[in-house]
1. Just by accessible area at a 1.4 angstrom probe, what is the order of PHE45, PHE62 from largest to smallest?
2. When the solvent-accessible surface of protein heavy atoms is calculated with a 1.4 angstrom probe, in what order do LYS66, LYS74, LYS40 fall, highest first?
3. What length, rounded to one decimal in nm, is gained on full extension from TYR44 through to GLU109, with 0.36 nm per residue of separation minus their alpha-carbon distance?
4. On the full set of protein chains, 1.4 Å probe, figure out the accessible area of GLU56 and give it in Å² to the nearest 10.
Amino acid sequence: MNQPSLFDDPTPFERGMAASAKAARKWTDEQIAQVDRAIKRVAYFRLHWTVDQVWEQLPDGFPVNKGIGARLNKAARAGMIRATDRTRISRRTNEHGHGQRLTVWETVERPADAL
């Protein structure tokens, strides 16, 4: 009798673990550039926003990792955005949403090269 593979019908936890393992890879230089462009687009059009709006700018299947925090901090150091003292619950429904609290970012200077 064949045992079904663990991933034939994975549970949400198993899907999340598999996605986390896949995302553990570092982003390529092009992916980093895509994230930076997404941050600039969101900052250009919105005064207050969260990383959820950045993820909406990225293509489906884009690898999720903690690197997005570093890209946001880089934009903050450049004076384009700043973190507020407010948070919002994530609206993402995929394995990486989990209703987590997200920092609300504020656009300080609209990037001229966002479009």
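The values are calculated or read from the model by the stated rules, or taken from the named source; none is laboratory data. Everything numeric in this text was worked out from a predicted model, so none of it was measured. These area figures cover heavy atoms from the full protein model, side chains too; ligands, DNA and RNA do not enter into them. Shrake-Rupley method; radii C 1.70, N 1.55, O 1.52, S 1.80 Å.
1. PHE45, PHE62
2. LYS66, LYS74, LYS40
3. 22.6 nm
4. We get 130 Å² for GLU56.
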